[in-house]
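Beneath this line is the structure, given in structure tokens, with notes to follow.
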Amino acid sequence: NPGMAAGGMGDVLTGLIAGFICQGYDIGQAAHLGVYLHGAAADRLAEKRGPGYLASEVMAEIPEAMAALMKP
């Protein structure tokens, strides 16, 4: 979403991907999971606040986004 056009978003994405790789996912899986989770967290934040948020706020939203995605 357009709110992701802010400094530091790539750093958050890189950290997610690296974290998945460290957990044993192959690079392709880690990239897919990281991109999807990064976008889901930003979309959740955009719904709550609208545009104009920071990368650190997206990072803080990741645990809630992950929990929501894991619900059956």
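The values are calculated or read from the model by the stated rules, or taken from the named source; none is laboratory data. All values derive from a computational prediction rather than experimental measurement. Note: ideal-geometry Cβ built from the backbone for every residue, glycine included; neighbour counts use all protein chains shown. For accessibility, only protein heavy atoms count, side chains too; no ligands or nucleic acids. Shrake-Rupley method; radii C 1.70, N 1.55, O 1.52, S 1.80 Å.
Mind pulling the angle between the C-alpha long axis of helix 27-49 and the longest principal axis of the chain? Nearest 10 degrees, somewhere in 0 to 90. So the helix axis and the longest Cα principal axis differ by about 20 degrees. Against the compact-protein benchmark of 2.2 N^0.38 Å, the Cα-based radius of gyration of the chain scales to 1.06. Computed over neighbours whose Cβ is under 11 Å from that of Lys48, the net charge equals -3, Lys and Arg +1, Asp and Glu -1. Taking Lys and Arg as +1 and Asp and Glu as -1, the other residues whose beta-carbon sits under 14 Å from that of Gly3 total -1.
Evaluating 6.51 cos²θ - 1.76 cosθ + 1.60 at θ = phi - 60° for every residue in segment 3-13, the Karplus couplings come out as x, 7, 7, 9, x, x, 4, x, 5, 5, 4 Hz, glycine and proline recorded as x.
For Cα pairs less than 8 Å apart in space and 6+ apart in sequence, what is the mean separation divided by the residue count of segment 1-48, i.e. the relative contact order in percent? Please list the in-between numbers first.
Values: 25 pairs, mean separation 21.9, N = 48.
Reported relative contact order: 46 percent.
Could you put Lys48, Lys71 in order of accessible surface area, largest first, with the 1.4 Å probe and the full protein assembly present?
Numbers: Lys48 115, Lys71 150 Å².
Ranked list, largest accessible area first: Lys71, Lys48.
Packing around the peptides 49-59, 21-31, taken as the average count of other Cβ atoms within 10 Å per residue, puts them in this order, highest first: 49-59, 21-31.
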